[in-house]
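All of the numbers you see were taken from the coordinates with simple rules; none came from a lab. Keep in mind that what you see is a predicted model, and the values were worked out from it rather than measured. Neighbour counts run over all protein chains shown; Cβ positions are idealised from the backbone, glycine included.
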Amino acid sequence: MSGDDVPRFELVPEFGVILLKHVLSTSEQLALYKQVKDEVKTGQRGVPGNFHLSSGAAGSSHRRDALHELGNLLFHRAATAAASIKEDVSGEDATTMEPSLNRLQQVLSGERPADVQYVAGVAYTSTAKLANHCDMNKPLYTMSLALGEACDFTFGEKTARPYPNERSGKPVSLRMESGDAMFFDGGSIPHAVDGLVAGSAPDWWAKAGPKCSRVSFLFREA
């Protein structure tokens, strides 16, 4: 996977969401899953399971450098995609309009390179859903990478008790497939997983003996 070519992508400019399509090949997906298979923890009663994968300074016992390098590369891929955007729907430069896209512009220019500090995982069983929410009361730029069955991700629906930084509007849904990656501000943009698409996992998934139907990697800068 190269960080320089422009990937195929889908953009939700009003929320600063970029879905990168098929950023990992089949062999890359399988190799990545094998790295973390023993760490996967499933949830109960339709609630996704959360688990830690890597954090800490380089060389520390809780850090897997390869995962941080992958996260930084994915941030750069998203930044390359953002740089190819000329105008948003209003005719103005989308990269200067939206905070998340501005962050990617900083990555690409070198003003503030990507620096993934924390990598976590989320495991979904076939019936699991993720309720609409924001992760915290400040921006949390996040790169999500999917393996296994596809899911429908919805952004922008107002939460019941919004934080001051929340930015909501007309909800938009994107389908995220195995090998796709998605950049968004998990702290400010409401997001939810409405459910998985049964039977949509690639052939390698069943052969790998997964504990669940879908695994999501979360690469975060803080």
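Values as computed for the structure displayed
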| quantity | calculated |
| --- | --- |
| Selected from W205, V107, L218, residue furthest toward positive end of dipole (the chain; charges at beta carbon) | W205 |
| Charge dipole (debye, nearest 20) of the chain; +1 at Cβ of Lys and Arg, -1 at Cβ of Asp and Glu | 820 debye |
| Normalised contact order of segment 15-213, rounded percent, pairs of Cα under 8 Å and 6 or more residues apart | 29 percent |
| Estimated [θ] at 222 nm from DSSP helical runs (n ≥ 4, -39500 (n - 2.57)) normalised by residues in the chain, nearest 500 | -6500 deg cm²/dmol |
| Residue (of A123, F15, A181) at the positive-pole extreme of the chain, dipole from beta-carbon charges | A123 |
| Using a Förster distance of 22 Å, the FRET efficiency for D152-H22 (Cβ separation, nearest 0.05) | 0.80 |
| Burial ranking of peptide ranges 175-186, 194-205 (average Cβ count within 10 Å, highest at the top) | 175-186, 194-205 |
| Helix runs (DSSP H) in the chain reaching 20 Å along axis by Cα, Kyte-Doolittle at least 0.0 | 65-83 |
| Computed lengthening from E69 to R45, 0.36 nm per intervening residue step minus Cα-Cα distance | 5.2 nm |
